[in-house]
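Everything on this sheet refers to the single structure shown next.
Derivation of every value follows stated rules applied to the coordinates shown; laboratory data play no part. Keep in mind it's a predicted model, so treat the numbers as computed, not measured. Cβ: placed from backbone, ideal geometry, glycine included. Neighbour counts: every protein chain shown.
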Amino acid sequence: MFNATTYQLFINGRWRAGSDATTLPVINPATEQVFGSVAAASASDLDEALASAERSRRSWSSRPAKERAEILVAGARILAAKVGDAAKDLSREQGKTIAEATGEYGRAVETLEWNATHAEELSAPVPAGPNRILVPEALGVVAAFTPWNYPAVLIARKLGPALAAGCPVILKGAEETPSAAVHFVEALRQAGIPDGVVNLVFGLPVQVSRHLLNSSIVKVLTFTGSTEVGKQLAKLAANNLQRCILELGGHSPVVVCEDADLAKAIPAITEYKFECAGQSCNAPSRILVAGTLYEEFLSGMIEAARKIKIGPPDEPATQMGPMANGRRIEAMQRLVKDAVERGARVETGGTRLDQPGFYWPPTIITRVPNDAKVLHDEPFGPILTVAPFDTIEEAIREANSTEYGLAAYLFTAAADAKQALIRGLSAGALSVNYLKGVSADAPYGGVKQSGYGYEGGEQGFRSFQSLKLVNGFASFG
Ligand code: NAD
């Protein structure tokens, strides 16, 4: 039975403990106290999940897309009805504010609905020239690995299209933030998803991923997390040639040109950067400002960062909660120490708050030398570097100077600067004069070390299909 603070596995349509009763602790990052536990799957639990997913595969993929969609829409409505409680659970285990958690669940519901709504159309044959069609087919069992920063919406971005396309899923939720996966799967169970079509496991990530990807039952790997782990998973997936969708790290630049409207740019950057305490793969982390605006921008940005109210995520006045875990605090400390040792200047923030909880204040660093780690390693936290530039070419060169290529942002009204930046910036997604991340209806994917494949929109849906080319056949019933 589903229990609020003892999170269980969901295998073959049933909630249950792990077969060897192993559990992992769940911690409240605002207090550092353990408040619950999550079941860890054993090898035999994983085998059971694989077998039940495989048993359900044919009936789920051959079920009319309209019927699959009806179950997903019902699941989305059930999830929407419990957002109030689910957001509180997410906030308690992740540290984001209740408002942020509520917004995230809203996007998760919307994503599930978008994929359900488009299931029929995207499962239909596609004309591919004279007397030729493409017949979409579900690829088969999906192993989905989701992280702790946006556990609700990232599950929706994987399960929404996979299930709508006709693929059963084995989801490994994030052990730090299990409630989102549990609420999501429970909503689908209540909506009548057949046994085996969705299985939820938790456990030791290395063991779980190795076990699942070693199985030839799994046909697709979808993962969001660090570049390092993404590469390890891609290597495992190579053995069975599983299709990979990898949404990995980012180190996103914002280019603020000399004609930028700072009254719009600074609040937009502040709001987007410090959401979820900066733990977002597409959060901006390096700001490049035209030299003529540098001093004005920097003082405005420092003032905005200092005004952010940090505190317990369940207090209505709080604008930024704690970081999700102690590993992030250690990472912030390492990056700041390294930058300062190399001569950088901390303009605001820079040290952990002296209180229980993983609290790290908005931090702005300037005069950062090129070899500092903070300019190359994904910060994944509330740290921003700010640097001036003289020419657009220099801004593009600096913006592209990391191995990542996920998101980039620019502020300018000038058509020639826009053109040059849109063409020149290496990123999977660009936003002009505002900051926007993912949405249900648009494809999103990285370049360079930020991964490959797409989530969202038609391309995200088709990630879970093969397209069978049929020659000599003009139409298909
Ligand atoms: P991590 O790389 O160990 O873990 C990130 C996520 O991947 C976690 O949810 C974890 O459970 C999962 N994971 C780790 N090893 C795995 C494996 N072998 N198989 C399957 N899943 C695995 O690091 P972390 O300390 O939890 O997070 C820090 C780094 O992770 C950040 O610096 C950031 O780069 C990255 N991260 C990225 C995103 C994103 O949205 N792209 C989300 C979370 C974390």
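A few points about this structure:
- Over the chain: helical MRE at 222 nm, DSSP H runs n ≥ 4 each giving -39500 (n - 2.57), nearest 500: -12500 deg cm²/dmol
- Cα shape, the range 1-81, gyration tensor, a/c 1.5 rule: oblate
- Each residue of the range 190-197 is assigned a 3J(HN,Hα), and the resulting list reads 5, 7, x, 5, x, 3, x, 6 Hz, derived from the Karplus form 6.51 cos²θ - 1.76 cosθ + 1.60 (θ = phi - 60°), x at Gly and Pro.
- Residues Thr6, Thr385 in ascending order of nearby Cβ atoms (within 10 Å, fewest first): Thr6, Thr385.
- Charge dipole (the chain, unit charges on Cβ, about Cα centre) - positive-most of Ala80, Asn433, Leu233: Leu233
- Relative pair counts by distance (%), Cα atoms of the chain, 10 Å bins: 4, 20, 29, 25, 15, 6, 1, 0
- Scoring 310-320, 193-203, 265-275 by mean Cβ neighbours within 10 Å over their residues and listing the highest first yields 193-203, 265-275, 310-320.
- Taken about its Cα centre, the range 88-226 carries a charge dipole of about 320 debye when Lys and Arg each add +1 at the Cβ and Asp and Glu each add -1 at the Cβ.
- Distant-in-sequence amide contacts of Val447, defined by a placed amide H-H separation under 5 Å and a gap of 5 or more residues or a different chain, comprise Gly405, Leu406, Gly428.
- Packing order of peptides 172-180, 159-167, 419-427, highest average first: 159-167, 172-180, 419-427 (average count of other Cβ atoms within 10 Å over each peptide's residues).
- Cα gyration tensor shape of the range 376-477, rounded if a/c is under 1.5, else prolate or oblate by comparing a/b with b/c: prolate
- Placing pseudo-labels 7 Å out from each Cα toward the beta carbon at Glu67 and Val447 gives an inter-label distance of 4.4 nm.
- Ala260 sits among other residues whose Cβ lies under 13 Å from its own Cβ, and their net charge, with Lys and Arg +1 and Asp and Glu -1, is -2.
- The residue among Tyr404, Thr22, His376 whose Cα reaches farthest toward the positive pole of the charge dipole of the chain, with charges on the beta-carbon of Lys, Arg, Asp and Glu, is Thr22.
- Over 26 Å between alpha carbons, listed pairs Lys235/Lys436; Lys158/Lys436; Lys82/Lys219; Lys158/Lys373; Lys307/Lys448: Lys235/Lys436; Lys82/Lys219; Lys158/Lys373; Lys307/Lys448
- Rg/Rh, computed from the Cα trace of the range 252-432 with Rh as the Kirkwood radius, has the value 0.95.
- Segments 212-221, 389-398, 137-146 sorted - mean Cβ within 10 Å per residue, highest first: 137-146, 212-221, 389-398
- Formal net charge of residues neighbouring Lys373 (Cβ-Cβ distance under 14 Å; K, R +1; D, E -1): -3
- In the chain, taking the dipole from charged Cβ atoms about the Cα centre, the farthest positive-side position among Gln319, Tyr294, Gly95 is held by Gly95.
- Each Lys and Arg Cβ is given +1 and each Asp and Glu Cβ -1; about its Cα centre, the range 252-432 then shows a dipole of about 440 debye.
- Relative compactness, the range 238-305, computed as alpha-carbon Rg over 2.2 N^0.38 Å: 1.51
- For the range 252-432, the relative contact order works out to 29 percent when only alpha carbon pairs closer than 8 Å and six or more residues apart are counted.
- About its Cα centre, the chain has a charge dipole of approximately 1140 debye under the convention of +1 per Lys or Arg Cβ and -1 per Asp or Glu Cβ, with nothing else charged.
- Residue-span extension gain [Thr31 to Ala43] - 0.36 nm each, minus C-alpha spacing: 1.0 nm
- The range 106-171 - Kirkwood radius from inverse mean 1/r over Cα pairs (Å): 13.0 Å
- Inter-part distance where the range 406-477 and the range 65-100 are each reduced to a Cα centre, Å: 26 Å
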